[in-house]
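Heads up, the thing below is written out as structure tokens.
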Amino acid sequence: MGHPTSTMKVISKISEMQEISKEIHKKNISIGFVPTMGALHKGHISLIDIAKKHSRFVVVSIFVNPTQFGPKEDFNKYPRTLTKDLELLSEKKIDILFAPTDKEMYPKGYGTYIDVPDFSNKLCGKSRPTHFKGVCTIVAKLFNIVSPDIAVFGEKDAQQVVILKKMIKDLNFPTKIITGQIIREPNGLAMSSRNKYLTDKQKQNASIIYKTLRETANKINKGERNIPKLKKFIKDGILTKMTHSSPSENSLKIDYIEIINKNNLQQPKTLKGECLIAVAVWYGKTRLIDNITVNC
Ligand SMILES: Nc1ncnc2c1ncn2[C@@H]1O[C@H](COP(=O)(O)OP(=O)(O)OP(=O)(O)O)[C@@H](O)[C@H]1O
Ligand SMILES: [Mg+2]
């Protein structure tokens with residue numbers, strides 16, 4: 001690295017990370033934690049800023065977690081940009097980057113998994129049936145390694161936040177979850193490491209997703225409460241506008257459109273309180289997710 005202002009330490013061993021966390025806690029210093037899969041962007045950076053505001057000692061992890069990828073998913077070609085990530089992180093002056101190997105986290109014979117089935121089978125869980133089991137397992141492991149007082153997660157993965165809060169409550173983790181709002185490209189597209197898979201033209205067209213979510217939120221704010229009608233508006237908006245403006249680009253397929261209670265992911269009879277409008281679409285081989293919260 002050789003960054004002159006950097007005091008960041010890079011750690012790959014679990015035992016070393018645990019030792020350091022123990023020392024920090026002994027000094028009564030709070031630990032803030034931001035777990036990531038790397039290929040860092042401004043969304044990740046915003047979570048680091050939140051962690052810094054809440055805690056004196058900040059740990060970021062980079063680990064492309066194999067157990068949260070399905071057998072046919074993009075684990076092997078997932079963007080890995082460690083050199084650039086290291087530069088970004090040393091500029092942010094975090095305290096520790098924890099970047100273990102797959103073998104360190106899942107040694108031969110590994111066999112324990114955490115499941116929150118009530119919340120994991122819907123939305124993203126329908127097309128990614130083992131995804132959240134992998135997420136819960138790795139987050140629980142990371143919490144036991146880093147011992148954070150607070151951990152910061154992005155609202156982009158709204159279902160993940162609900163599931164992890166449930167896991168923390170059920171398993172009595174002493175860590176508090178704080179969320180960060182969705183950081184977007186100037187055109188509205190939610191930032192995501194997987195956006196690297198998109199062509200410039202696709203990135204431009206994909207801004208229609210958020211535009212449609214905003215239009216839908218406006219309709220709700222103006223009094224529209226008919227859920228099937230609102231869902232159809234989103235479907236038609238995304239399908240016609242994204243396909244129309246780019247007939248030659250890759251195929252477009254809606255994975256899901258849901259309008260649900262933000263705190264329990266249930267489909268309400270009538271919209272009330274904090275409602276989450278969440279969508280996932282396949283744009284060629286890239287799966288994009290986005291959401292917006294509306295107070296009803
Ligand atoms: N645009 C964003 N704004 C705020 N937080 C984000 C954003 N994108 C991701 N995050 C959060 O960053 C954390 C790490 O996510 P991850 O490393 O999987 O990045 P990602 O961009 O979501 O990658 P992918 O494209 O694979 O989904 C998660 O808590 C996630 O919700
Ligand atoms: Mg993600």
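Of Lys176/Lys269; Lys93/Lys285; Lys27/Lys52; Lys42/Lys103, which sit over 25 Å apart, Cα to Cα?
Lys176/Lys269; Lys93/Lys285; Lys42/Lys103
Where the eigenvalues come from the Cα gyration tensor of region 1-94, what are the semi-axes √(5λ) of the equivalent ellipsoid, largest first, in whole Å?
Sorted largest first and rounded, they come to 24, 17, 13 Å.
For region 99-107, what does the Karplus curve 6.51 cos²θ - 1.76 cosθ + 1.60, with θ = phi - 60°, yield as ³J(HN,Hα) per residue in whole Hz, taken in order and with x for Gly and Pro?
9, x, 8, 4, 5, 5, 7, 10, x
Rounded, prolate or oblate: which one fits region 49-92, using the alpha carbon gyration tensor with axes a ≥ b ≥ c (rounded when a/c is under 1.5, else prolate when a/b beats b/c, else oblate)?
oblate
Using the beta-carbon distance between Lys122 and Lys84 and R0 = 41 Å, what value does 1/(1 + (r/R0)^6) give for FRET efficiency, to the nearest 0.05?
Between Lys122 and Lys84 the formula returns 0.70.
Can you list residues from other chains, or at least 5 along the same chain, whose modelled amide H is less than 5 Å from the amide H of Ser61?
Counting only residues 5 or more places away or on other chains, the set is Val34, Thr36, Phe98.
Which of Leu89, Leu171, Leu40 ends up with the largest GNM mean-square fluctuation for the chain, with Cα atoms connected below 10 Å?
Ranking Leu89, Leu171, Leu40 by mean-square fluctuation puts Leu171 first.
Any chance you could run the full-extension gain for Lys222 through Lys241? It's 0.36 nm times the residue separation minus the Cα-Cα distance, nm to one decimal.
Roughly 4.6 nm would be gained on extension.
Give the Rg (one decimal place) followed by the Dmax (whole number) of region 149-296, computed from C-alpha coordinates and expressed in Å.
Here Rg and the maximum Cα pair distance are 16.1, 51 Å.
Can you give me the angle between helix 14-26 and the longest principal axis of the chain, using Cα atoms only, in degrees from 0 to 90, rounded to the nearest 10?
Once rounded, the angle reads 80 degrees.
Spelling out what I want: for every residue of region 59-66, take phi, set θ = phi - 60°, compute 6.51 cos²θ - 1.76 cosθ + 1.60 (Karplus), and round to whole Hz; glycine and proline get x.
Here the 3J(HN,Hα) series is 10, 10, 10, 10, 7, 7, 7, x Hz.
Rg/Rh for region 9-180: what does it come to with C-alpha atoms and Rh from Kirkwood?
A ratio of 0.94.
Once amide H atoms are built 1.01 Å from N in the peptide plane, which residues 5 or more positions from Lys176, or in another chain, come under 5 Å H to H?
Here the answer is Ile150, Ala151, since their amide H atoms fall under 5 Å of that of Lys176.
Per the Kirkwood formula on distinct C-alpha pairs, the Rh of the chain is how many angstrom?
20.3
Mind checking the angle between helix 131-146 and the chain's longest principal axis? C-alpha axes, 0 to 90 degrees, to the nearest 10.
For 131-146 against the chain, the angle is about 30 degrees.
Bear in mind that the values in this text are calculations on the coordinates, not laboratory data. The structure presented is a predicted model; accordingly, all values stated were derived computationally and were not measured. A quick note on method: Cβ atoms are made from the backbone with ideal geometry, for glycine too, and the neighbour counts reach across all protein chains shown.
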